[in-house]
Every structure is written in structure tokens, then in C-alpha cells.
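The values are calculated or read from the model by the stated rules, or taken from the named source; none is laboratory data. This one's a predicted model, so the numbers in the text were calculated from it and none came from an experiment. All Cβ positions, glycine included, derive from the backbone under ideal geometry; neighbour counts span all protein chains shown.
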Amino acid sequence: MNRTYKNINSDSFINGIYSLVPIRDDDKYDIMNWRNNQLDLLRQETKLSLEQQEHYFKTVVDKLFDEDEPEQLLFSFLESNKLIGYGGLVHIDWESKTAEISFLTETSRNKNFDVFISDWVNYLTILKKVANDYLNFKSIYTYAFDLRPNLYVALQASGFTEIKRHKNHIQIEDKKVDVVIHSFDLNPISMRVSTRIDVDLYFAWANDELVRQYSYQQDVIQYKNHVQWFYSKIDSPHFLFLIFFNQDKSAIGQVRINKNEEEVIIGISVDKNYRGFGYSFKMLRLACQHYFKNYSNNEIFAYIKIENKVSIATFKKAGFLQEQFVLVNNIQSVKLKITK
């Protein structure tokens, strides 16, 4: 019987003839050989010895099964019950529910395009299910040296998106190569441009207690005034209202972008029922991407009360940089900026 991790109540995950099982002690020497034969693909500088591999399994791997929130979850990857690879979720951030993907197959399998793609796509299919269904993670990502162009084919086929590329980031023998990060969103969101039919939804969001607390105008908004304001702004070419939905098609919040005479300003609110799901920074990123794609401005600014530390952190996570401390309506605030 396979071992099980404390936070995953299963010892096998299957997709057709492929399966993942919690990493087995009997596989450690095959894994060592694969790692030693593929040093150029790994963050490993020298070959492992038998003693080092045994020590690693005893002192690191075995302990993973005793921890409630281990730093990594490692698996053996099987085809028709035969070991062909290993990997898992590493550098796990249990608070933000994100993790990096690790994967390595038997050395010769990298040379055949069809085998390589099949291994990766099936592995990722199973791993996404583990991350989503068993761990409720928000996203998983790959961090890879730009040495295997076929990898990008497999990642794209599996729904991953390239989110960052570090040019000439690492030296491999006599050549500098890029490091490329791809991500898969386990809580995908969608958006559309808001219309007049959304007036009541925006009214409810505008009068939310937390929204009013962090707004520069804290008075409760009257419905008649809201309708008049909403209709005038939504028909204006200087305002862009975007409404966002989760994968269940429930409205989760809105982003408003306003172009005044001096600059473009962004604001966001999330429905109280969907806070804490990690939607905010995704909404900001999508909104900014949409704006930069469809409008000529190259900068977007945000003004946030200095006491609203959660919001400031969210904007920074979405790519905004802190510009300066300012006073808005005599309230200490932070001005942030994102550039196209």
C-alpha cells in the first residue's frame, strides 16, 4: 500500500494509463540517476551520490508524510504501473495556496516529441486535479530554463500561460539562457464591460460597509443619486466599468477606470462573499491588460488610504509600483502606478 500525505486523503491519482502515487522509497535510485543525467535542466550543480540520495530520503522525504503542511508534495509518475518519472508541488505557499511544479522523466523519454508531450500533458492533468480538488490551491506554476522548446507546447496544450521571462538569467555551460515562468489559474475569472442593467449590483457594492470605510467619500449613497451618477458615467468615453465573474458565473466584483484631464485612475471593489479568494489582483491585472490593449494611455494610477494595507499589497502584487505618499482630501494616502 502506498503512503499518503496528511492533507491528501488518497494514495493514487489516475488519468488513463498514467497515475501519480506519493513518492516511493523504492524509486529513489532511479530518480537519482535521472537527475544526474539531466543536470542542465535542474537547479543541481553536481551529481548525487548514493549516500546523499539515501540521506535526502531519510531526512527530508520521509518527514513530508508526517507534516500537516509540508514544503513540498512529491509523487512517483507511472505509465501502466511502471515508473517513468517523478515530481510534484514544491515551494508551496500554504497561505496564498500556490506552488511551483517539479517534474522529471526517465532521460530517454525527452528525446521523442510525442512521448515528451504525452508525459507532460498527462502529468499536468493529474497534478491540476490534485491541486484543485484535494488542496483547493489557487494557482500552480513552472519555473524552467529555456532549453526545451517542446515544453512550451505541452504547457500551452495544458492551459498554462507565460507570465514572466527573465532574459539571460542563468549561465548553462558557455551560454546564457532565459528563465521562463508559466502559470495555471485554478480559480479562473472572466470579465465584460458593464452596462446599465448592472446599476443595482453596483449600488449594493458601493454601499458595502468596507467599501465605504476605505472610500474618500464615506457617506451612504442614496439610490436616486447612484442611478443618476451611474448612467452618466457608464455612457461617458472617459470611464470604463468592468464587471468580473468566477468560474461559476457569479459576479465577484468590479474595476472602474477613469481618465480625467491629468491622468488615468483605477479603483476596485470585491463582493463581500468573495473576499479572500485571491480574486483582487487577478481582476486588476485583467483590467489593466484590457485598458492598455484598447486605449492609448501608457500609465494607470491608484490612490489608496495608507491604512488600507491589504489593498496596497494587492495592487503591488498586480504589478503596481509605489510612487509617493500624498494627501487626498487631507487623508494620508499612497499613490501607485503601473506602466504598459
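Taking the conditions exactly as written (surrounded by 13 or more Cβ atoms within 10 Å (Cβ to Cβ) and either touching a residue at least 12 places away in the same chain (Cβ under 8 Å) or closer than 26 Å to PHE13 by Cβ (or both)), does VAL193 satisfy them or not?
Details: surrounded by 13 or more Cβ atoms within 10 Å (Cβ to Cβ): no; either touching a residue at least 12 places away in the same chain (Cβ under 8 Å) or closer than 26 Å to PHE13 by Cβ (or both): yes.
It is false that VAL193 is surrounded by 13 or more Cβ atoms within 10 Å (Cβ to Cβ) and either touching a residue at least 12 places away in the same chain (Cβ under 8 Å) or closer than 26 Å to PHE13 by Cβ (or both).
Residue-by-condition table, conditions (1) surrounded by fewer than 20 Cβ atoms within 10 Å (Cβ to Cβ); (2) more than 23 Å from TYR18 (Cβ to Cβ); (3) within 27 Å of the chain's Cα centre (by Cα); (4) among the basic types (Lys, Arg):
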site	(1), (2), (3), (4)
SER76	no, no, yes, no
SER80	yes, no, no, no
LYS97	yes, yes, yes, yes
THR105	no, no, yes, no
TRP120	no, no, yes, no
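Yes/no matrix, rows are residues, columns are (1) at pLDDT 95 or above; (2) in a loop (DSSP other than H, G, I, E, B); (3) in the same structural domain as SER194 (by TED's automatic domain parsing); (4) among the aliphatic types (A, V, I, L, M):
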site: VAL255; (1), (2), (3), (4): yes, no, yes, yes
site: GLU262; (1), (2), (3), (4): no, yes, yes, no
site: ILE265; (1), (2), (3), (4): yes, no, yes, yes
site: SER280; (1), (2), (3), (4): no, no, yes, no
site: ASN297; (1), (2), (3), (4): no, yes, yes, no
site: PHE301; (1), (2), (3), (4): yes, no, yes, no
site: GLU307; (1), (2), (3), (4): no, yes, yes, no
site: ALA313; (1), (2), (3), (4): no, no, yes, yes
site: LYS316; (1), (2), (3), (4): no, no, yes, no
Within the stretch 318-340, restricting attention to residues that are in a loop (DSSP other than H, G, I, E, B) and not charged (D, E, K, R), which residue is surrounded by the most Cβ atoms within 10 Å (Cβ to Cβ)? PHE320
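Is it the case that GLN72 is polar (S, T, N, Q) and surrounded by 15 or more Cβ atoms within 10 Å (Cβ to Cβ)?
Values: polar (S, T, N, Q): yes; surrounded by 15 or more Cβ atoms within 10 Å (Cβ to Cβ): yes.
Yes, satisfied.
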For residues that are surrounded by fewer than 11 Cβ atoms within 10 Å (Cβ to Cβ) and in contact with a helix residue (DSSP H, G or I) (Cβ under 9 Å, 6 or more places away or on another chain), scanning just the stretch 200-245, find the one that is nearest to SER280 (Cα to Cα). GLU209
Would you check which residues across the stretch 290-340 are farther than 24 Å from GLN217 by Cα, free of Cβ contacts under 8 Å to residues at least 24 places away in the same chain and under 25 Å from the mean Cα position of the chain (by Cα) and list them? LYS293, ASN294, LEU321
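For ILE14, indicate whether it is among the aliphatic types (A, V, I, L, M), in a loop (DSSP other than H, G, I, E, B) and surrounded by fewer than 18 Cβ atoms within 10 Å (Cβ to Cβ). Break it down stepwise before answering.
Details: among the aliphatic types (A, V, I, L, M): yes; in a loop (DSSP other than H, G, I, E, B): no; surrounded by fewer than 18 Cβ atoms within 10 Å (Cβ to Cβ): yes.
The answer is no for ILE14.
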If only one of ILE140, ILE197, ILE163 is over 27 Å from ASP114 (Cβ atoms), part of a strand (DSSP E or B) and among the hydrophobic types (A, V, I, L, M, F, W, C), which one is it? ILE163
